[in-house]
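Student: Before I ask anything, let me first share the structure, which is written out below as structure tokens.
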Amino acid sequence: MFVTLEGPDGAGKSSQAAALAERLRAAGVEVVLTREPGGTALGERVRELLLRTDAPERTTLADALLFNAARQQLVEEVIRPALDAGKWVLCDRFADSTLAYQGYGGGVPLDDLRALARVATRGLVPDRTLLFDVPVEAGLARRSGGPSAELTRFELAERHDLAFHQRVRDGFLALAAAEPARWSVIDASHDAGAVTEEAWRGLEEWLVARSP
């Protein structure tokens, strides 16, 4: 099973990914937990280039190309081998993030981004996507209240203002509405434990529905 976790900045995806992986392992499921951009030696180098606050400015399309370069390496080196071995993969962000951030947020045509993703992933689509949704102001407040070293250029750069982040959130919700069979929308404004329980229920319900 290939499960991705998506959401706007400050939604708590990374913490939830770790919590869900731990719960699956406790249930006897072999899980590979990874992230985008990152998860490979190349991907981590690209991550630093993409997210560092002092990184050189680039066009939005250049960002999308870099994200997909890291994604291609992650799919070939980590995700496909794990799935072929019968393992679960939990990935903190995947191609839908590029649609939301560089597409809805940055204005790159969605069809172009989908074409890039198809090449980078060789058509791989998650079995299930959990969208951790939080109001923009609340999510950014969470991020700004944490260690400044963890902030990214998407949170601090002048062009990534409140309106940009609202477009990103709206984009995620539009993607979820267009594919309700794949997506589960989770209210991430609650405390972390409650959010984990809701995410776990979403996975359980989907697994029951798919079982023979």
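None of the figures in this text is laboratory data; all of them are computed from the coordinates on show. The structure presented is a predicted model; accordingly, all values stated were derived computationally and were not measured. Cβ sites come from the backbone with ideal geometry, for glycine too, and all protein chains shown count toward neighbours.
Student: At R0 = 25 Å, how high is the FRET efficiency between ASP54 and ALA177 if r is their beta carbon distance? Nearest 0.05 is fine. Before the final figure, lay out each step's value.
Tutor: Numbers: r = 37 Å, r/R0 = 1.48.
Once the sixth-power term is evaluated, E becomes 0.10.
Student: While we're looking at this one, here's another question. What is the Cα centroid distance between region 12-54 and region 76-113, reported in whole angstrom?
Tutor: 12 Å
Student: At a 10 angstrom cut-off on C-beta neighbours, averaged per residue, how do the peptides 110-123, 60-73, 5-18 rank from highest to lowest? Working shown, then result.
Tutor: Numbers: 110-123: 15.4, 60-73: 19.4, 5-18: 22.3.
Descending mean neighbour count gives 5-18, 60-73, 110-123.
Student: Using the Cα centre as the reference, give the magnitude of the dipole from point charges on the C-beta atoms of region 1-102 (Lys, Arg: +1; Asp, Glu: -1; all else neutral), rounded to the nearest 20 debye. Present the calculation step by step, with values, prior to reporting the outcome.
Tutor: Working: 12 positive and 15 negative charges, 36 e Å.
My answer is approximately 180 debye.
Student: How large are Rg and Dmax for region 31-103 when calculated on the C-alpha trace, in angstrom?
Tutor: Final numbers for Rg and Dmax: 12.6, 41 Å.
Student: When Lys and Arg each count +1 and Asp and Glu each count -1, what net charge do the other residues less than 12 Å away from ALA194, Cβ to Cβ, add up to? Let's see the in-between values first.
Tutor: On the way: positive: ARG201; negative: ASP187, ASP191, GLU197, GLU198.
Summing Lys and Arg as +1 and Asp and Glu as -1 gives -3.
Student: So which residue, out of VAL29, VAL75, VAL168, gets the largest mean-square fluctuation from a GNM of the chain using Cα contacts under 10 Å as springs?
Tutor: VAL29
Student: Further question on the same structure: Could you give the nm distance between label points at ASP112 and ARG201, where each point is 7 Å from its Cα heading toward the beta carbon?
Tutor: My value for the distance between the label points is 4.2 nm.
Student: Around LEU20, what is the net charge, scoring Lys/Arg as +1 and Asp/Glu as -1 over all other residues with Cβ under 12 Å from its Cβ? Walk me through the intermediate numbers first.
Tutor: Working: positive: LYS13, ARG23, ARG25, ARG128, ARG201; negative: GLU22, ASP92, GLU197, GLU198, GLU204.
Around LEU20, the charge tally is 0.
Student: Ok, one more. Could you calculate the FRET efficiency of ASP170 with GLU76 from 1/(1 + (r/R0)^6), where r is the beta carbon distance between them and R0 is 22 Å, rounded to 0.05?
Tutor: Values: r = 32 Å, r/R0 = 1.46.
Plugging the Cβ-Cβ distance into 1/(1 + (r/R0)^6) gives 0.10.
Student: Could you give P(r) for the chain, binned at 10 Å from zero, as whole percent values over all Cα-Cα pairs?
Tutor: 8, 36, 40, 15, 1, 0
Student: Still on this model: In a Gaussian network model over the chain where Cα atoms closer than 10 Å are linked, find which of GLY106, GLY193, GLY28 has the largest mean-square fluctuation.
Tutor: Maximum among the listed residues: GLY28.
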